[in-house]
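Worksheet for the structure shown next.
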Amino acid sequence: MSESAKTFVIREAVKEDIPAIHQKIIELAIYEREPDAVEADESHLREALFGEKSVAYCHVAEVDGEIAGIALWFLNYSTWKGSAGIYLEDLFVAPHYRGSGIGLALMKTLARLCVERGYPRFQWWVLDWNEPSINFYKAIGAVPMNEWTVFRLSEEALTKFASE
């Protein structure tokens, strides 16, 4: 861990952060063993985060002017709770800053947003093999939703289903 990581700031992302956010998303894809999966470019992120009809939000951890970590999220909705919640799409801390408290601070920031806004849920997915993250999430009190299976329609299957 870098000495400078002891002093970091968590803040909402600004447009000037887009290149660094994009780079962290690429680094996350590499970590998740999907190095070629990122199709979104900086213009996609700019539109999603700061466009006229933005659909996502991002908090960054900054250390000495460098983006050391990101938490990219959006609102979901629970029909059972009758309320919005936060869905964390990406949490990533650069390897040399891990263990510095940045990931914990990003998660606490989003948890506080949930509490302040009256959102009853804060949720995310984690890959089954990602033991360090699973252990981190369990340590903060998160509970795995093992009885649920994620389904996805995309690409050819989505197009085919939509056209039938």
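Restricting the first residue to the range 103-128 and requiring it to be touching a residue at least 40 places away in the same chain (Cβ under 8 Å), which pairs with a second residue that is aromatic (F, W, Y) and surrounded by 14 or more Cβ atoms within 10 Å (Cβ to Cβ) meet a Cβ separation below 9 Å and a spacing of at least six or different chains?
A105/F8; L110/W73; L110/F122; R121/Y87; Q123/Y87
Name the single residue that is surrounded by the fewest Cβ atoms within 10 Å (Cβ to Cβ) among those in the range 122-164 being polar (S, T, N, Q) and in a helix (DSSP H, G or I).
My answer is S163.
Any residue in the range 71-83 that is among the hydroxyl-bearing types (S, T, Y) sitting within a Cβ distance under 7 Å of a residue that is part of a loop (DSSP other than H, G, I, E, B)? List the pairs, counting only those 6 or more apart or interchain.
Short answer, once both residue conditions are applied: S78/R121; S83/G118; S83/Y119; S83/P120.
Taking only pairs six or more apart or across chains, which ones have beta-carbon atoms under 7 Å, a first residue in the range 140-152 that is over 22 Å from G101 (Cβ atoms), and a second residue that is in a loop (DSSP other than H, G, I, E, B)?
These pairs meet every condition: V150/W125.
Limited to the range 80-94, what total is found for residues that are more than 15 Å from Y137 (Cα to Cα) and in contact with a Phe, Trp or Tyr (Cβ under 8 Å, 6 or more places away or on another chain)?
Qualifying residue count for the region: 4.
Determine the pairs where a residue that is modelled with pLDDT under 90, located within the range 1-20, has a partner that is in a loop (DSSP other than H, G, I, E, B) with Cβ atoms under 6 Å apart, the partner being 6 or more residues away or on another chain.
Sorted first by the residue in the range 1-20, then by its partner, the pairs are M1/G99; M1/S100; S4/D64; A5/S100.
Could you please find all residues in the range 24-38 being in contact with a helix residue (DSSP H, G or I) (Cβ under 9 Å, 6 or more places away or on another chain), assigned to a loop (DSSP other than H, G, I, E, B) and either surrounded by 15 or more Cβ atoms within 10 Å (Cβ to Cβ) or of a type outside the set (D, E) (or both)?
Hits for the range 24-38 are P35, A37, V38.
From the residues in the range 91-106 that are in contact with a Leu (Cβ under 7 Å, 6 or more places away or on another chain) and assigned to a helix (DSSP H, G or I), which one is surrounded by the most Cβ atoms within 10 Å (Cβ to Cβ)? Walk me through how you get there before you give the answer.
Going residue by residue through the range 91-106, those that are in contact with a Leu (Cβ under 7 Å, 6 or more places away or on another chain) are 91-92, 103, 106.
Keeping just the survivors that are assigned to a helix (DSSP H, G or I) gives 103, 106.
Details: G103: 22, L106: 24.
So the residue we want is L106.
I need the full set of residues from the range 39-64 which are without any contact (Cβ under 8 Å) to a residue 60 or more places away in the chain, surrounded by fewer than 15 Cβ atoms within 10 Å (Cβ to Cβ) and not in a helix (DSSP H, G or I), in order please.
Across the range 39-64, the qualifying residues are E39, A40, D41, G51, E52, K53, S54, V55.
Only one residue in R121, R46 is charged (D, E, K, R), over 20 Å from A29 (Cα atoms) and within 18 Å of the chain's Cα centre (by Cα), so which one is that?
R121
In the list L104, L113, L158, which residue meets the criterion of being among the aliphatic types (A, V, I, L, M), in contact with a strand residue (DSSP E or B) (Cβ under 7 Å, 6 or more places away or on another chain) and modelled with pLDDT of 95 or more?
Numbers: L104 fails: in contact with a strand residue (DSSP E or B) (Cβ under 7 Å, 6 or more places away or on another chain); L158 fails: in contact with a strand residue (DSSP E or B) (Cβ under 7 Å, 6 or more places away or on another chain).
Within the list L104, L113, L158, the selection yields L113.
The values are calculated or read from the model by the stated rules, or taken from the named source; none is laboratory data. This structure is a prediction, so every number in the text was calculated from the model and none was measured. Neighbour counts are summed over all protein chains in view; Cβ atoms, including those assigned to glycine, are modelled from backbone coordinates with ideal geometry.
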